[in-house]
Each structure stands twice: as C-alpha cells, then as structure tokens.
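S.K.: Below: one structure in structure tokens.
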Amino acid sequence: MPLIPGAVEAMQKLSDAGAHIRIVTHRLIFGGWHQKVVSDTAAWLETSRISYMSLCFTGLKDSVGSHVFLEDSPANIEDLREHGFKVFVYDQDYNREVAGPRIDSWDEGIDEVIGYLREIGQLS
C-alpha cells in the first residue's frame with residue numbers, strides 16, 4: 001500500500017512530542033492468514049519508517065485504551081465517539097458527512113492532535 005504524503009513525518013513529530021503511538025487495525029479478517037497478515041503489517045510499518053510503540057489487531061477499537069484516535073472509517077468514528085473517545089477524522093471521500101475535527105493532511109493536522117494531547121495533559 002502506498003504511503004499517504006506526510007504520514008512518516010507526522011508520525012515522527014508525534015513520537016518526538018512524547019506520544020505513545022499505538023497502531024490499531026482490523027486486518028485479521030481471513031482465517032488461516034493471521035501469521036502472514038501480522039508479519040506483513042509489521043514489515044510494512046518498518047519498511048515505511050512509521051514511528052509507533054505498539055501494534056494491535058482488533059475490530060473492537062473502543063477496547064483499546066487511548067486518549068485520542070485518528071480514524072477514517074465512519075462506522076469506527078461513530079462507535080468510538082459513542083464510547084466517549086476524542087476522534088480526529090482523517091479526511092476521505094467516503095467520510096465527508098462525518099463531523100470533525102478533521103485532518104485534511106498529515107503535515108497540517110498532526111499539530112492539532114499534539115495540541116489536543118497537550119491540552120489534556122498527556123504531553124508536556
């Protein structure tokens with residue numbers, strides 16, 4: 001999968017600010033392929049130089065403790081917000097009807113995320 005422009009730099013900036021980045025994905029949807037999917041995902045993140053502290057595979061994103069989520073899926077955004085989580089919407093054609101706050105590009109939006117984490121006392 002190709003990288004979204006600015007993603008590497010934004011994740012590094014978030015990491016440098018002191019955030020614990022947990023990648024949460026639901027890629028384990030095909031039985032019998034879990035080992036390959038986990039291995040391929042970790043290899044892609046490493047090859048792409050994406051900064052993160054942990055990698056979690058679950059379809060239940062609300063079960064993963066987090067102070068903030070960056071999400072593109074309208075269903076996940078709705079579910080996370082129903083569970084009281086702060087969610088920044090990563091702008092895509094298929095989620096334009098979802099209320100913000102929105103991130104239109106990594107290089108601009110990550111500062112808003114860092115600002116929010118500082119505001120709630122999660123970063124110095």
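The values are calculated or read from the model by the stated rules, or taken from the named source; none is laboratory data. Fair warning: this is a prediction, and the values are worked out from it, not measured in the lab. No Cβ is skipped: glycine too gets one built from the backbone with ideal geometry, and neighbour counts run over all protein chains shown. Quick note on the areas: whole protein, heavy atoms, side chains included, nothing else; ligands and nucleic acids left out. Shrake-Rupley method; radii C 1.70, N 1.55, O 1.52, S 1.80 Å.
S.K.: In square angstrom, rounded to the nearest 10, how much accessible surface does His26 have for a 1.4 Å probe?
M.R.: 100 Å²
S.K.: What does the accessible area of Glu78 come to, in Å² to the nearest 10, when a probe of 1.4 Å is used?
M.R.: 110 Å²
S.K.: Right, here's the next one. Assuming a ≥ b ≥ c are the square roots of the Cα gyration tensor eigenvalues, decide whether region 43-96 counts as rounded (a/c under 1.5), prolate (otherwise, with a/b larger than b/c) or oblate.
M.R.: Since a/c reaches 1.5 but b/c is at least a/b, the shape of region 43-96 is classed as oblate.
S.K.: Additional query: May I ask you to compute the full-extension gain from His67 to Trp33, defined as 0.36 nm times their residue separation minus their alpha-carbon distance, rounded to one decimal in nm?
M.R.: 9.2 nm
S.K.: Tell me the Rg and the Dmax, in Å, that the Cα atoms of region 1-91 produce.
M.R.: Using the Cα atoms of region 1-91, the pair Rg, Dmax is 13.6, 38 Å.
S.K.: Hey, how many Å between the Cα centroid of region 67-83 and the Cα centroid of region 28-61?
M.R.: Using only Cα atoms to place each centre, the spacing works out to 19 Å.
S.K.: If R0 is 25 Å, what FRET efficiency do you get for Asp107 and Cys56 from their C-beta distance, rounded to 0.05?
M.R.: In this case the efficiency is close to 0.45.
S.K.: Sorted by accessible area (1.4 Å probe), largest first, how do Arg81, Arg49, Arg118 line up?
M.R.: In descending accessible area the options line up as Arg49, Arg118, Arg81.
S.K.: Follow-up. Counting only protein chains, not ligands or nucleic acids, how are Lys61, Lys36, Lys86 ordered by accessible area (probe 1.4 Å), most first?
M.R.: The ranking, largest first, comes out as Lys36, Lys86, Lys61.
S.K.: Sorted by average packing, counted as other Cβ atoms within 10 angstrom per residue and highest first, what order do 103-109, 51-57 take?
M.R.: Descending packing order for the listed peptides: 103-109, 51-57.
S.K.: Which whole-number value in Å² is the accessible area per residue of region 78-119, probe 1.4 Å?
M.R.: With the other protein chains kept in place, region 78-119 gives 58 Å² per residue.
S.K.: Below 8 Å between Cα atoms, with a sequence gap of 6+, how large is the relative contact order for the chain in percent?
M.R.: Once divided by the residue count of the chain, the mean separation gives 28 percent.
S.K.: Could you report the accessible area of Leu3 in Å², rounded to 10, computed with a 1.4 Å probe on the protein chains as they sit in the structure?
M.R.: Its heavy atoms expose roughly 80 Å² to the probe.
S.K.: Right, something else. In nanometres, what is the gap between the two model label sites at Glu119 and His26, each 7 Å from Cα along Cα-to-Cβ?
M.R.: 2.8 nm
S.K.: Mind checking the full-extension length gain between Ser48 and Arg96? Use 0.36 nm per residue of separation minus the Cα-Cα distance, one decimal, nm.
M.R.: 14.5 nm
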